[in-house]
Amino acid sequence: AQSVTQLDSHVSVSEGTPVLLRCNYSSSYSPSLFWYVQHPNKGLQLLLKYTSAATLVKGINGFEAEFKKSETSFHLTKPSAHMSDAAEYFCVVSDSGGKLIFGQGTELSVKP
Amino acid sequence: DVKVTQSSRYLVKRTGEKVFLECVQDMDHENMFWYRQDPGLGLRLIYFSYDVKMKEKGDIPEGYSVSREKKERFSLILESASTNQTSMYLCASSLQGVSDTQYFGPGTRLTVL
């Protein structure tokens, strides 16, 4: 069965410093992996998606994630945090039936 | 742009009431989904539908039912609301296929008193 674990429930960074949100997955086949972001009082928005093409995936707003099969990881990074990046981030894996399995979420705080 | 709309942003109901949550998408998507979101638990799938009049149980279907009479509309029904159904409910749609992106509505925050 597929599963996803977000290793941090809360991450706090200063504006202008790098962001790292960690995600590990478990899958019996080559999965599709996603990162979604949810800003306060807004719906979820897709940041980026991996579907077995390039292992380094670039998303919106300067975010990117690297699929590492040997480590079963799909960590989300950004070189320089902006105040507007403060939100909750979800790592997601699709199962063989097309359903999405969500991680528990990581809340990102950005300090001025 | 894909647009997924939900009928209410906030809803307050009493225990035992029948509750309808409506979701409409405007992009002719085949698939529609209902999730509930609770702090520390992420999103959990309640029901989904791959076509009109079709429905499939998700991970937590107990206490809920759904209806999809038209392609663009997917309704979530709480037959007899209970306090443990107080939550944020999110609707999503996707075109088709296993790895297609799901597009989410803004959510309905339901409180059951």
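Taken together, the values in this text are just the output of simple stated rules run on the coordinates, not laboratory data. The model shown is predicted, which means the values in this text are computed figures rather than measured ones. In this analysis, Cβ positions are derived from the backbone assuming ideal geometry, glycine residues included, and neighbour counts consider all displayed protein chains.
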Check: Going toward the positive end of the dipole of the protein assembly as shown, with +1 on Lys and Arg Cβ and -1 on Asp and Glu Cβ, which of A:Val19, A:Ala86, A:Asn41 do you reach last?
Finding: A:Asn41
Item checked: Segment B:Ser82-B:Glu56, length gained on full extension (0.36 nm per residue, minus Cα span) -> 7.1 nm
Checklist line | Net lengthening on full extension, A:Leu46/A:Ser96 (0.36 nm per residue, minus Cα-Cα) | finding: 16.0 nm
Notebook entry, point to check: Where the only charges are on Cβ atoms (+1 Lys, Arg; -1 Asp, Glu), what is the dipole of chain B about its Cα centre, to the nearest 20 debye?
Noted result: 400 debye
Next item on the list: In debye, nearest 20, what is the charge dipole magnitude of the protein assembly as shown about its Cα centre with +1 on Lys and Arg Cβ and -1 on Asp and Glu Cβ, if you could check?
Entry: 280 debye
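Looking only at chain A, where both bridge partners belong to it, what percent of the DSSP beta bridges are antiparallel (to the nearest 5)? Mind showing how you got there, number by number?
On the way: 34 of 39 bridges.
The answer is about 85 percent antiparallel.
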Next item on the list: Have a look at B:Ser67, A:Leu56, A:Thr5 and report the one farthest towards the positive end of the charge dipole of the protein assembly as shown, computed about the Cα centre with Cβ charges (Lys/Arg +1, Asp/Glu -1).
Entry: B:Ser67
Margin query: Looking at chain A, I'd like the Rg to Rh ratio, where Rg is from alpha-carbon atoms and Rh is Kirkwood's inverse mean 1/r.
Written below: 0.95
Notebook entry, point to check: If you place +1 on the Cβ of every Lys and Arg, -1 on the Cβ of every Asp and Glu, and leave all else neutral, what size is the dipole of chain A about its Cα centre, to the nearest 20 Debye?
Noted result: 200 debye
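So for the range B:15-58, averaging the separation of alpha carbon pairs under 8 Å that are six or more residues apart and normalising by length, what relative contact order in percent results? Intermediate results must be reported in sequence, preceding the final value.
Details: 43 pairs, mean separation 12.2, N = 44.
After rounding, I find 28 percent.
With a cut-off of 8 Å between alpha carbons and a minimum separation of six or more residues, what is the relative contact order of the range A:1-92 in percent? Please report the intermediate quantities before stating the final value.
Working: 185 pairs, mean separation 32.5, N = 92.
Normalised by residue count, the contact order of the range A:1-92 is 35 percent.
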Checklist line | Range of Cα positions in chain B per principal axis (Å), largest first | finding: 38, 28, 24
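Tell me the Kirkwood radius of the range A:20-86: reciprocal of the mean inverse pair distance over distinct alpha-carbon atoms, in Å. Show your work: numbers first, answer last.
Working: mean 1/r = 0.0789 Å⁻¹.
About 12.7 Å, per the Kirkwood formula over Cα pairs.
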Notebook entry, point to check: When each pair of different Cα atoms in the protein assembly as shown is counted once in the 1/r mean, what is the Kirkwood radius in angstroms, to one decimal?
Noted result: 18.0 Å
Notebook entry, point to check: B:Val66's amide H: which non-local residues (gap 5+, or another chain) put their own amide H closer than 5 Å, with H modeled 1.01 Å from N in plane and none for Pro or chain starts?
Noted result: B:Ile77
Next item on the list: Let me have the relative contact order for chain B, percent, based on Cα pairs under 8 Å that are six or more residues apart.
Entry: 36 percent
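When the convex hull of the Cα atoms of the range B:1-54 is projected onto a plane and the area is averaged over all directions, what value comes out in nm²?
On the way: hull surface 21.2 nm².
Mean projected area for the range B:1-54: 5.3 nm², to one decimal.
So if R0 is 41 Å, what FRET efficiency would B:Asp26 and A:Ser14 give, r being the distance between their Cβ atoms, rounded to the nearest 0.05? Numbers along the way, then the final one.
Values: r = 40 Å, r/R0 = 0.98.
The value I calculate is 0.50.
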